[in-house]
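Enquirer: If you scroll down you'll find the structure; I have some questions about it.
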Amino acid sequence: MQRPHVILNAGMTLDGKIATRTRDTKISGKEDLERVHRIRERVDAIMVGIGTVLDDDPRLTVHKIPSERKRNPTRIVVDSRARTPLSARVLNNEAKTIIAVSRKAPDERVRALREKGAEIVVCGENKVDLKCLMEELYKRGIRSVLLEGGGTLNFGMLREGLVDEVSVAIAPVLVGGREAVTLVDGEGFATIAEGVHLKLKKYYPLGKDFILEYEVLR
Ligand SMILES: NC(=O)c1ccc[n+]([C@@H]2O[C@H](COP(=O)([O-])OP(=O)(O)OC[C@H]3O[C@@H](n4cnc5c(N)ncnc54)[C@H](OP(=O)(O)O)[C@@H]3O)[C@@H](O)[C@H]2O)c1
């Protein structure tokens with residue numbers, strides 16, 4: 001299977017949360033946000049789940065650092081039922097946007113998103129088939145993807161073996177909360193052996209945070 005190289009990145013608290021129970025996400029510092037934008041600058045696409053679009057309404061562009069790039073990376077939203085609001089900032093004209101939907105997505109929603117300029121990729125019956133999506137992205141010339149969460153999509157991508165690198169900024173704060181979002185949610189793996197095993201490649205302090213970069217072991 002030919003697919004893009006995928007880097008999963010997130011800013012998390014020391015207790016592994018990427019959003020609090022109230023969905024506050026101001027976790028890592030300015031230096032880390034600039035680091036993330038430097039990664040954004042070198043990839044072909046940035047991908048998030050619909051949960052992140054609904055909670056945060058992100059722009060998913062390179063805007064926190066000066067950039068030589070002529071065009072922003074392509075934005076990808078994994079959104080089985082085409083729930084992306086027509087007012088969402090990912091649909092603005094700052095970059096191309098692909099909405100990945102399943103065959104369950106209502107026709108009228110798909111039509112409305114197309115009219116807003118999004119490209120629709122259909123993969124899977126109920127949920128988006130992530131392997132199919134990665135193949136479709138590769139066919140469109142996308143060779144590198146920055147996966148920016150949230151926890152549910154991160155688990156889906158890891159479970160399918162579609163992640164190559166993981167980098168996290170660990171902020172010196174603890175927030176707890178059963179309802180908070182963690183780096184990897186979903187149903188989880190049953191045993192440590194089944195988990196996704198990583199090799200630590202690089203680690204360094206950055207501002208108030210600490211950066212860890214890993215390679216996914218196969
Ligand atoms: N701190 C950080 O760096 C950071 C980064 C990103 C996000 N976040 C936070 O994370 C939170 C959102 O996380 P979340 O877990 O609720 O949502 P999410 O991971 O952004 O989106 C999950 C949704 O994606 C859709 N999806 C479709 N196909 C899928 C598949 N095969 N596998 C997995 N998901 C699939 C599902 O909705 P449908 O069935 O409707 O398609 C699913 O509920 C937000 O609060 C955001 O602030 C934090």
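The values are calculated or read from the model by the stated rules, or taken from the named source; none is laboratory data. Fair warning: this is a prediction, and the values are worked out from it, not measured in the lab. Cβ: placed from backbone, ideal geometry, glycine included. Neighbour counts: every protein chain shown. Side chains are part of the model used for accessible areas, which takes the heavy atoms of the whole protein and leaves out ligands, DNA and RNA. Shrake-Rupley method; radii C 1.70, N 1.55, O 1.52, S 1.80 Å.
Enquirer: May I ask what percent, to the nearest 5, of DSSP beta bridges between residues of region 5-216 are antiparallel?
Expert: 35 percent
Enquirer: What do you get for the angle between helix 130-139 and the principal long axis of the chain? Use alpha-carbon atoms, 0 to 90 degrees, nearest ten.
Expert: 70 degrees
Enquirer: Run the numbers for His5 and Arg111: contour at 0.36 nm per residue of separation, minus the present Cα-Cα distance, in nm.
Expert: Contour length minus the Cα-Cα distance gives 35.1 nm.
Enquirer: Still on this structure, please answer the following. May I ask you to list the GluC sites (Glu not before Pro) in region 68-114 that are in a DSSP loop and have at most 10 other Cβ atoms within 10 Å of their Cβ?
Expert: Glu68
Enquirer: How much of Arg111 can a 1.4 Å solvent probe reach, expressed as accessible area in Å² and rounded to 10?
Expert: Probe radius 1.4 Å; accessible area of Arg111 about 130 Å².
Enquirer: Let me ask another. Over the alpha-carbon set of region 5-216, divide Rg by the Kirkwood Rh and report the Rg/Rh ratio to two decimals.
Expert: Ratio value, two decimals: 0.95.
Enquirer: A further question follows. Restricting to lysine pairs 8 or more places apart or on different chains, what number in region 1-133 have Cα atoms under 27 Å apart?
Expert: 23
Enquirer: Give the long-range amide H neighbours of Leu8: residues separated by 5 or more places, or on another chain, with amide H under 5 Å away, using H modelled in the peptide plane at 1.01 Å from N.
Expert: Close amide H contacts, sequence-distant or interchain: Leu147, Asp164, Glu165, Val166, Ser167.
Enquirer: Turning to a different aspect of this structure: Given contacts defined as C-alpha pairs under 8 Å and at least six residues apart, what's the relative contact order of the chain, whole-number percent?
Expert: Relative contact order, the chain: 31 percent.
Enquirer: For Thr97, which sequence-distant residues (separation of 5 or more, or a different chain) have an amide H within less than 5 Å of its own amide H, given hydrogens modelled in the peptide plane?
Expert: For Thr97, the qualifying residues are Arg75, Glu119.
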